[in-house]
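Worksheet: the structure to be examined is printed underneath.
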Amino acid sequence: MAHDPVRLELVKNAIGSIVDEMVLTVIRIAYSSIMRDTMDLSSAFCDRQGRMIAQGLSVALHLGSIPDAMDAVRAKYGDSLSPGDVVVLNDPYQGGMHLPDIFMFKPVFIRERLLGYAVVVAHHNDIGGRVPGSSAADSTEVFQEGLRIPVLKLHDRGQPNQTLLDLIAINVRVPDTVLGDLQAQLAACGIAERGMGELVARYGFDPLERHFGELLDYSEREARRTIRSIPSGVYRFVDHLDDDGVHMEEPVRIAVAVHVKDGEMIVDLEGTSPQVRGAINSTLSFAKSAVYFAVRSIMDSDAPNNAGFFRPIEVKAPLGCLVNPRPPAAVAARGISGFRLIDAMFGALAQAIPQRVRAAGEGGTTSYSFGCYDAEGRFSLFREAIMGAWGGGHRREGIDGIANGAANISNAPVEMVENQAPIRVERYEFVPDSGGPGEYRGGLSVLRQLRFLGARATLQLRADRHHHRPYGLAGGADGTPSHNLLDDGTGEWRPLPTKFTRPLAGGQAIRHKTAGAGGYGDPRRRDPARVLADVRDGKVTPDAARRDYGVVVLPRPWRVDTEATAKARAQ
């Protein structure tokens, strides 16, 4: 059959719509705010060989993890799965990422022929373990983090595995929510079955499979074209995490060496710190996801995110290091290491293609969870992420109040937070002068203050960039550091570490400020009109406009003093 580029485009977009609809289905049905509002989930479709053909919304950092989880399923079951089977897993050392992320796979059969697998991975509110929310950075081994689910059937030929469902329910703090969210994932797999069935009816089984192969080859060609646009060479960069959540005075190193030659890329993570005591270790599949995201970010193509994209990229990491740990290393807070690896990748690529990358963002979307009890002993659990900022780039402003690009998640509305838990959101605002100055300013810090109104609670929070600030590029300044503060009910605020698990009593409050993002380019080259707009919007104060940008702004009405600005910049 001759290659038909028009039909291939139609098939590509149809499959993309199917996997996107899978995510939207979960969002509409899910019980938990972290799926419904934060949208911490992803979907994919893999062919019968287990190759990922398309990835849907929303978390880009799941990009490289789905294939490894798919490999674990096929390693156990091969081609023996039947119509109506559903397989789940969450074990980080058997294809998973961290325990709250439950992968679900459903083989898609069309008239008894296996076409492929519908995949949904979603972050569950709780999976048991020592801390509500199951994501504490100060856990020291995976056994503390919750229920480990190896590759197992959740449904066998359409019949629920009630033993497994009962086991999950008795091990989690919010069983109705977790089981309800599993049903949402299952419904999304049904969307894929229906959609792929319609595609087979339209194009035929064998032609559709041929198009799968063409889509893989297309993404590979586009990935190689992107890599060839980077000058050949070796580009190195080192960044740090403040601590591992246990040893609070010991920074953790992430080192990358990006080798580029002949349309291929090798990313060597030799020199990264050994695996750590705390829970910021990252499995290799998650580290690969971070690398793939960094490369995908510099592509100017609409090629689908699929397994073909991975072919020219190799990721190497020594066994026993932070991003390839030996079990039973704790991994619940692995997201922060993945985000820092992306920062290191961009820092390395900036040496070769500075106009195509941004300065460092806030360093990884902050997450927290409240496990709350009211006066009658009733339990509620709320978990969400606090948005941060993107760094400035070549002719690109930093972005305020947005999730890390690799996370691509959303914040929970204040009304939803206060409806689901005994929490009052007292402040939610941008912090002036917090973005790194540059010709293109870094995005601003976000400040969120929450007061606990129940009887008692356990609060877990994971952040970073208290000490190692987001870097600027091309002469841009670093962003401002993050911080955590506690009001114990007296009105006095005292500092807390970057990552912690602690009890809260009624009336106590937590205040978190994300780091500001790095700036890009010499601040003294910033257009005074942009500085004036920032002052008018409250993003930059008049004092900072003069100090950092050499722009003198006068009030009532706000305006630039052109003569004074010229003198200030000359100095």
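Values quoted throughout were computed directly from the atomic coordinates according to the rules given, and no laboratory measurement underlies them. These numbers were taken from a predicted model, which means no experiment stands behind them. Positions of Cβ are backbone-derived with ideal geometry, glycine not excepted, and every protein chain shown enters the neighbour counts.
Details
- Taking amide H as placed 1.01 Å from N in the peptide plane, G476 has its amide H under 5 Å from the amide H of G521, each at least 5 places away in sequence or on another chain.
- For the chain, the spread of Cα positions along each principal axis, largest first, Å: 78, 66, 44
- Estimated distance in nm for a label pair at L485 and R111, the labels positioned 7 Å out from Cα along Cα-to-Cβ: 6.8 nm
- Couplings for the range 233-246, taken from phi via the Karplus curve 6.51 cos²θ - 1.76 cosθ + 1.60 with θ = phi - 60°, read x, 10, 10, 10, 7, 10, 10, 9, 8, 4, 5, 9, x, 10 Hz in order; Gly and Pro are left as x.
- Across the range 527-571, Cα pairs under 8 Å and at least six residues apart give a relative contact order of 32 percent.
- Helix 335-349 and the longest principal axis of the Cα set of the chain meet at an angle near 70°.
- In Hz, Karplus ³J(HN,Hα) per residue of the range 55-63 (6.51, -1.76, 1.60; θ = phi - 60°; x = Gly, Pro): 10, x, 4, 10, 8, 5, 6, 7, 3
- Long-range HN-HN contacts of G116 with modeled amide H, under 5 Å: V108
- 3J(HN,Hα) along the range 545-550, derived from phi through the Karplus expression 6.51 cos²θ - 1.76 cosθ + 1.60 where θ = phi - 60°, amounts to 4, 6, 5, 8, 10, x Hz, with x in place of Gly and Pro.
- Residue order, fewest to most surrounding Cβ atoms within 10 angstrom, among L381, L208: L208, L381
- Computed over the Cα atoms of the range 5-220, pair by distinct pair, the Kirkwood hydrodynamic radius stands at 17.4 angstrom.
- Residues D268, D300, D527, D561 arranged by fewest to most Cβ contacts within 10 Å: D300, D527, D561, D268
- The chain, relative contact order [Cα under 8 Å, separation at least 6], %: 13 percent
- Each label point was placed 7 Å from the Cα along the Cα-to-Cβ direction; for R547 and A570 their separation is 2.5 nm.
- The chain - mean residue ellipticity at 222 nm from DSSP helices (-39,500 (n - 2.57) per run, n ≥ 4, rounded to 500): -9500 deg cm²/dmol
- Exposure proxy shown here: for S219, S82, the number of other Cβ atoms within 10 Å sets the order, fewest to most, as S82, S219.
- A Förster radius of 35 Å, combined with the Cβ-Cβ distance separating L554 from R253, puts the computed FRET efficiency at roughly 0.15.
- Lysine pairs in the chain whose alpha-carbon atoms fall under 14 angstrom of each other, counting only those eight or more residues apart or on distinct chains, come to 4.
- Computed from the C-beta positions of Y77 and W493 and an R0 of 56 Å, the FRET efficiency is 0.55 to the nearest 0.05.
- Taking a ≥ b ≥ c as the square roots of the eigenvalues of the Cα gyration tensor, the range 527-571 is prolate, since a/c reaches 1.5 or more and a/b is larger than b/c.
- Between 0 and 90°, nearest 10: helix 65-77 axis offset from the chain longest Cα axis: 20 degrees
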